[in-house]
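The values are calculated or read from the model by the stated rules, or taken from the named source; none is laboratory data. This is a predicted model, so every value here is computed, not measured. Here Cβ is always computed from backbone atoms with ideal geometry, including for glycine, and neighbour counts include all displayed protein chains. Note: areas computed on protein heavy atoms with side chains; ligands, DNA, RNA excluded. Shrake-Rupley method; radii C 1.70, N 1.55, O 1.52, S 1.80 Å.
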Amino acid sequence: MSLDTAMARIAQLNTLLVGPTAPATAAPATTTTTTATPSSDDFAQMLRTASVTGATPTATPSGALGTTATGTVAPAAAPAGNSAAARMVAMAQAEVGQAEQPPGSNNSPRIAQYRSATAGAPGPGPWCAYFTSWLARGAGVPVGDHGEGFGSVDALYAWAQKSGRAIPTSSGQDPKPGDLIVWDEHIGIVESVRPDGSIQTIEGNSSDRVSRRVHAKGDAIGYVRLSN
């Protein structure tokens, strides 16, 4: 082989070698790889931030007021021990949601059981006092001189005043869980006294059902304490 032929062959080989090598060492591939790393870090940081941000609202419902994020009244803890007050609150909590069937009838099989705690086999009618009479009887502290129960709020509170169990709001004395709470023609039971002084209650015949409510301190006429 002549020298010229050899040199031409070497040049041809160099050309062939340079062609396929260039893409493998091209800078853009390195640039793309380098850019991907901070993007992944940014995304991970976003996930961490979202996780921390998302954790904050879950702590809110456990605040001092004891309500859920939607404003629905949350259950309160029943009083400790096995006192009559604790038993009444626990019984009332188990009844929340019991409703008239049909609505507006003042009746249902369960409401008929509440009425059974009042003497005289009363028929359907406003049943908030029947409900509290049923709670009191079930807890072993029935209302009435003979434990007969009451279908009338006025009659129940008059008995409480006569027997020394009434605590008028004007006395300034705070209620306790398990006390009955009395308004004009309506009655319920105190579930808890909240940190802001408002009264959380459970009431029969409230929106046609046993409902949990919150009332400002001082709204009621008074309270009835059936046990110490």
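If you take every residue apart from residue 142 with its C-beta less than 13 Å away from the C-beta of residue 142, what net charge results, scoring Lys and Arg +1 and Asp and Glu -1? Mind showing how you got there, number by number?
On the way: positive: 87, 137, 165; negative: 145, 148.
Residues near residue 142 contribute +1 overall.
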Exercise for review: Just the number, please: carbon plus sulfur as a percent of the accessible area of the stretch 102-228, 1.4 Å probe, no ligands or DNA/RNA counted.
Suggested key: 49 percent
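So what is the accessible area of the stretch 170-217 per residue, in Å², with the probe set to 1.4 Å? Kindly include the intermediate steps, with their values, before the conclusion.
Numbers: 1960 Å² over 48 residues.
Value for the stretch 170-217: 41 Å² per residue.
If we count every other residue with Cβ under 14 angstrom of residue 227's Cβ, Lys/Arg +1 and Asp/Glu -1, where does the sum land?
Numbers: positive: 87, 137, 165, 176, 225; negative: 179.
That works out to +4.
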Check your understanding: At what distance in angstrom do the alpha carbon centres of the stretch 87-102 and the stretch 211-228 lie from each other?
Key -> 17 Å
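Return a whole-number percent for the relative contact order of the stretch 120-221, with Cα pairs under 8 Å and 6 or more residues apart as the contact set.
So the answer I get is 23 percent.
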Point to revise | Prolate/oblate/rounded call for the stretch 151-228, Cα gyration tensor, a/c under 1.5 rounded | key: oblate
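In Å², what does the accessible area per residue of the stretch 76-150 work out to with a 1.4 Å probe?
Details: 3230 Å² over 75 residues.
With the other protein chains kept in place, the stretch 76-150 gives 43 Å² per residue.
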Practice item. Could you please report the charge total around residue 115, scoring K, R as +1 and D, E as -1 over all other residues with beta-carbon less than 13 angstrom from its beta-carbon? Key: 0
